[in-house]
1. Being at pLDDT below 95, within 24 Å of the chain's Cα centre (by Cα), more than 22 Å from B:PRO143 (Cβ to Cβ) and among the charged types (D, E, K, R) is true for just one of B:ASP78, B:ASP63. Which residue is that?
2. Against the conditions (1) open to solvent by 60 Å² or more (accessible area, probe 1.4 Å); (2) without any contact (Cβ under 8 Å) to a residue 24 or more places away in the chain; (3) within 14 Å of chain A (Cβ to nearest Cβ), where does B:ASP351 fall short? Just the number, please.
3. Could you tell me which numbered condition A:ALA319 fails, if it satisfies all but one of (1) away from chain B (no Cβ under 14 Å); (2) open to solvent by 10 Å² or more (accessible area, probe 1.4 Å); (3) among the small types (Gly, Ala, Ser)?
4. Going through A:LEU192, A:LEU178, A:LEU123 one at a time, which residue ends up being open to solvent by 20 Å² or more (accessible area, probe 1.4 Å) and under 27 Å from A:ALA100 (Cα atoms)?
5. Is there a residue being more than 14 Å from chain A (Cβ to nearest Cβ), open to solvent by 10 Å² or more (accessible area, probe 1.4 Å) and of a type in the set (S, T, N, Q) anywhere in the stretch B:295-305?
6. Given the residues B:LEU152, B:LEU117, B:LEU102, B:LEU141, which is the only one that is hydrophobic (A, V, I, L, M, F, W, C), open to solvent by less than 40 Å² (accessible area, probe 1.4 Å) and in contact with a Gly (Cβ under 9 Å, 6 or more places away or on another chain)?
7. When you check B:ALA55 against the structure, is it modelled with pLDDT under 95 and either under 22 Å from the mean Cα position of the chain (by Cα) or of a type in the set (D, E, K, R) (or both), yes or no?
8. Scan the stretch A:65-79 and report the pairs whose first residue is among the hydrophobic types (A, V, I, L, M, F, W, C) and whose second residue is assigned to a loop (DSSP other than H, G, I, E, B) and open to solvent by 70 Å² or more (accessible area, probe 1.4 Å), with Cβ atoms within less than 9 Å and a gap of 6+ or a chain change.
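The values are calculated or read from the model by the stated rules, or taken from the named source; none is laboratory data. Only a predicted model underlies this, so the values are computations on that prediction, with no experimental measurement involved. Positions of Cβ are backbone-derived with ideal geometry, glycine not excepted, and every protein chain shown enters the neighbour counts. Just so you know, the surface numbers come from the protein's heavy atoms only, side chains and all, with ligands and any DNA or RNA stripped out. Shrake-Rupley method; radii C 1.70, N 1.55, O 1.52, S 1.80 Å.
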Protein chains: 2
Amino acid sequence: MKRLVILGATGSVGRSALAVVRRHPGRFRVVGLAAGRSVAALAALAAEFRPTRVALADRAALDGRPELRAAGWRTGPDGVAELAAFPSADIVVNAIVGAAGLRHTIAALEAGKRCALANKESLVAAGEIVLDAARRGGGELVPVDSEHSAILQCIGEARPDEVRRIILTASGGPFRDLDAAAMVGVDAGMALRHPTWEMGAKITIDSATLANKALEVIEAHFLYGLPYDRIDVVVHPTSIVHSFVEFVDGSVLAQMGEPNMELPILHALSWPRRPPDRALCTFDPLRSSPLTFEPVDTERFPLFGLGVEAGRTGGAAPAVFNAANEVAVKAFLEGRVSFRRMAGVVSGALDALGGRTADSLKEILEVDAAARRHAASLV
Amino acid sequence: MKRLVILGATGSVGRSALAVVRRHPGRFRVVGLAAGRSVAALAALAAEFRPTRVALADRAALDGRPELRAAGWRTGPDGVAELAAFPSADIVVNAIVGAAGLRHTIAALEAGKRCALANKESLVAAGEIVLDAARRGGGELVPVDSEHSAILQCIGEARPDEVRRIILTASGGPFRDLDAAAMVGVDAGMALRHPTWEMGAKITIDSATLANKALEVIEAHFLYGLPYDRIDVVVHPTSIVHSFVEFVDGSVLAQMGEPNMELPILHALSWPRRPPDRALCTFDPLRSSPLTFEPVDTERFPLFGLGVEAGRTGGAAPAVFNAANEVAVKAFLEGRVSFRRMAGVVSGALDALGGRTADSLKEILEVDAAARRHAASLV
């Protein structure tokens, strides 16, 4: 029986994780739940899963709910951080959106937990620091992203020097076939209709701009210790093949399945074993035929190239890319910048701050804040 | 340094194995070579690889070549069998065509060797006996077939109870799109033009009738211990995806690569490690797009259904199927039966002899001989 803490329990990944737990009551037990500010949703989950500890990031979230405070609910970022290192937990699912999840990833790894990481921003903003936390604390980083889960499944027990290259797949998002002129008129409503995946708003916009795929390239760089010239991306519109691994002998393995976050979550909770689960809709070659692949159009999706270049630059650049992108996405969702202007905001922040170094968590957080201020000034 | 014996060294798989050895001189050394009757080709290979021992199955093959006999070359099936259990060999590549390879598979496994098996007929005719030889002698069976190599690569370190299903791919052969009426006129020349793989004559005809895929289903049944209802086949015309494995959690892995026997051979010699090899042309998703999949047309390819049904029946039926099919293919190559009549020959032999049991190698060899006689009478 594995004991789980789920951070971001009321979001898309959190709810998928709890759906997995519901189907495997003998395998997983929820000991902690945390959310941002969705009190009612979290209260319902707490009533169902009866965790030892519940926390909300928003300090004001329990105003007017004295019964929840009386029941031991914590509030504020420290309440959530306490859960990330909760002594009785084996696995911490970090499904918090954005750079806010970084400290919890570090806390879980320092406490020796398996961190099932949906918060890819942790690795993007502070890859070396996160890996160092895992080394120091004995924690283990397991990806929840479908692409990185696919890579882990393909690599299996192979040694790092047996991997030649990884190829991440990208759906291409809702604007894969839209010409550059038509992209001027894209609004948030259009960008939120993802063709293959149902996800939260932030990642759905990132999928429409392909910024998400750049974040995943950086994530893969840190997770699998591969230089950027050995990480490729190919557009695969139906999102059936979740990624490829090419080995040094020329063999290629791929992992495939219908798009559904529950499989990578179950895998992150169970790896290296595979528990039986009949609920997960599997790949059927006849139904999925044909599988098609296209190159990434870096002209129409400039955030992809900006992000990968930030990864190559290293230092503070990935953190700047991530922070400025979060600001740009929020402004786009609020109708304050256009779809095409998001890349300009991020590019401006990278020009101003991307050359900095950032070797400590403190410096990362400083550059993150500076990048947000700079990006906001460009909106 | 692994020491290799290659049985069937002058055939298609044998030559591919030697091409692999040429590229990895520090990794593999050839200590034994055997062939059927191709004296000149074998002499050239012996001069190049300088094995300790050379053998020819044909007793008369060295007539008029006293210098080769003086050099220690052996002849006759016992000379080949001696090589299969050669004390100084680590790995025996069994690339002999047809049921003639069975005793050598058993000899290698009983002697505790790794048997890199291209001779799928061994497992088809005598699966239980072959597995028992491996258990008794401590030998290890590793497939050279691209499909079974793909399955081994996908399964990796997973436990047997974590595999739900395997899906073998089939190119569909040269007559995939030929309607039933046109198949009446098919001759050996047409059947020998395989669309994706360059192979020996026997397996090329078996690929055209899909008998080869039935043999592979039976081979997979024994290699991976799966019941027949958990082994599926799908037609994949470009032969890029070599097979799929579906796990109990719903995840599917596939192995892919350009059609080339050298990769599965290198894998069989190296497994579970992967040595670097730049010569092997790898899968490129952009070049290979689209990947398509179709159901098997069992009406137009009756040998496929006959073979799988023989596998399900068990007992002597797979040996009868294999023996009668060898007779039918030989007769077809010699222009003595039509393409469509091959299934009738095999079906007749199965009707007459498929219900027998055969629990020992002696009984298998008896039923093999009886099936050959019966099939010959139907030609």
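1. B:ASP78
2. (3)
3. (2)
4. A:LEU192
5. Yes, there is a match, as at least one residue in the stretch B:295-305 is more than 14 Å from chain A (Cβ to nearest Cβ), open to solvent by 10 Å² or more (accessible area, probe 1.4 Å) and of a type in the set (S, T, N, Q).
6. Numbers: B:LEU152 fails: in contact with a Gly (Cβ under 9 Å, 6 or more places away or on another chain); B:LEU102 fails: in contact with a Gly (Cβ under 9 Å, 6 or more places away or on another chain); B:LEU141 fails: in contact with a Gly (Cβ under 9 Å, 6 or more places away or on another chain).
Sole residue among the options that is hydrophobic (A, V, I, L, M, F, W, C), open to solvent by less than 40 Å² (accessible area, probe 1.4 Å) and in contact with a Gly (Cβ under 9 Å, 6 or more places away or on another chain): B:LEU117.
7. No; evaluated as a whole, the condition is false for this residue.
8. A:TRP73/A:ARG65
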